[in-house]
Amino acid sequence: MLVQVAETLNARSALTNRILSAIVIPQIALILLGAAAVSAGVSKGLTPLRRLERALSKRSKLDLKPVETSNVPEEVYPLVIAINDLLDRLKKDIESQERFVANAAHQFRTPIAGLKTYVGLAERIIKDEKVSPIMSQLNSGCDRLTNLVNKMLSLAKVEPNFVTTNKTLLDLNEIASRATSDLVAEALEKEIDLTFKNSSDQALINGNETGLMDMVVNLVENAVHYTQKGGKVSVSVTANEAVTLLVEDNGPGIPIEERERVFERFYRILGNEASGSGLGLSIVKEIALAHNATITLEEGSAGGTLVRVTFERMKKGS
Ligand SMILES: Nc1ncnc2c1ncn2[C@@H]1O[C@H](COP(=O)(O)OP(=O)(O)OP(=O)(O)O)[C@@H](O)[C@H]1O
Ligand SMILES: [Mg+2]
């Protein structure tokens, strides 16, 4: 006897669909739900780390104070403590290096001043044409050393706590005009027309007086130093939404490709006959950084250098 069982194709395909919807679809849904739950969990777990990352990446390199631990969740607490410990060691290390540089520079000052006095004395006593060029070399060597030591002292002073922690509300007009006056004699010697123009309104900023004096002196000194005899240097302050210091000269200018490198320590542009230690602009940059100011080097209207430093403007009583 032959029993034949048959099923239509439609019925089979309906069965397949039923199996699919009963087993596979719930499983896919389960997998998707699981993935979403894992992703939400990981993302929630990483939130404190993201907060920490944001807080650290927003910091200036001068800010080495410990990370706030009060709102830190338990899981990241040991990490924050380790970071704070590292910041503390780094701060102490930097402070001890600064102290060393400042002390060393300070100790150099007295013997160099003595050397300069004796060279000057010898120059006056020995009137020998063979010795005079040597004496004059010795004299300019002393001047270069004095400049280097003074710049190293300035650099040690601006890093990293001094400038940031000793700020008061002050008028940049007053500082810029005083610093410019300090260079009048040097400008006269080179027959350079050195001018200062203040802003019509007060240019109030939150700043460190010594640091800002150093900044303007270094910028005006460069302008006078690198501009040819008979040139022109103008210093001005403007006070609009921001307070801006502009130092412009009609000297040789700084090529675009050098405008970042000149801020590096001891970097000087080759082929320049003027003497210097290559520290001035790095001091200026540190001071700008400590004031949250931006500094740019541009080409001036007469083809020379235009240095622009922009500060946040403060209101009286702020
Ligand atoms: N106003 C300027 N015009 C042309 N070149 C400039 C000007 N200012 C700076 N420079 C170039 O940038 C270089 C770096 O300047 P920076 O003030 O850092 O060092 P320096 O003047 O050589 O030495 P010092 O430490 O005595 O200031 C200079 O050597 C010079 O070549
Ligand atoms: Mg200089």
Requested in this report: Would you please list the contacts, defined by Cβ atoms under 6 Å and residues six or more apart or on different chains, that run from a residue in region 298-317 that is within 18 Å of Val224 (Cα to Cα) and in the same structural domain as Glu258 (by TED's automatic domain parsing) to a residue that is within 16 Å of ligand 2 (Cβ to nearest atom) and assigned to a loop (DSSP other than H, G, I, E, B)?
Outcome: Glu299/Gly253; Gly303/Gly253; Gly304/Gly251; Gly304/Gly253; Thr305/Gly253; Thr305/Ile254
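In region 278-292, what residues are touching a residue at least 60 places away in the same chain (Cβ under 8 Å) and either in contact with an Asp or Glu (Cβ under 9 Å, 6 or more places away or on another chain) or surrounded by fewer than 18 Cβ atoms within 10 Å (Cβ to Cβ) (or both)?
At the first step, the residues of region 278-292 found to be touching a residue at least 60 places away in the same chain (Cβ under 8 Å) are 279-284, 286-292.
Within region 278-292, Gly280, Leu281, Ser282, Ile283, Val284, Glu286, Ile287, Ala290, His291, Asn292 meet the criteria.
The rows are residues; the columns are (1) more than 26 Å from Leu62 (Cβ to Cβ); (2) touching a Cys at 6+ places or on another chain (Cβ under 9 Å); (3) within 16 Å of ligand 1 (Cβ to nearest atom).
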site	(1), (2), (3)
Phe100	no, no, no
Glu123	yes, no, no
Ile134	yes, no, no
Asn147	no, no, yes
Leu194	yes, no, yes
Requested in this report: Looking at (1) within 24 Å of Lys61 (Cβ to Cβ); (2) in a strand (DSSP E or B), find the lone condition where Ala288 falls short.
Outcome: (2)
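Can you go through Leu15, Leu49 and tell me which one is surrounded by 11 or more Cβ atoms within 10 Å (Cβ to Cβ), over 49 Å from the mean Cα position of the chain (by Cα) and not in a loop (DSSP other than H, G, I, E, B)? I'd like the intermediate steps shown before the answer.
Working: Leu49 fails: over 49 Å from the mean Cα position of the chain (by Cα).
Only one candidate passes the filter, namely Leu15.
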Report summary line: Note on region 220-259: residues crowded, with 19+ Cβ neighbours inside 10 Å and in a loop (DSSP other than H, G, I, E, B) are Thr227, Gly231, Asn250, Gly251, Gly253, Ile254
Report summary line: Selection over region 135-145 where residues are in contact with a helix residue (DSSP H, G or I) (Cβ under 6 Å, 6 or more places away or on another chain) and within 14 Å of ligand 2 (Cβ to nearest atom) yields a count of 0
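The values are calculated or read from the model by the stated rules, or taken from the named source; none is laboratory data. No experiment lies behind these values; they were computed from the predicted model shown. Note: ideal-geometry Cβ built from the backbone for every residue, glycine included; neighbour counts use all protein chains shown.
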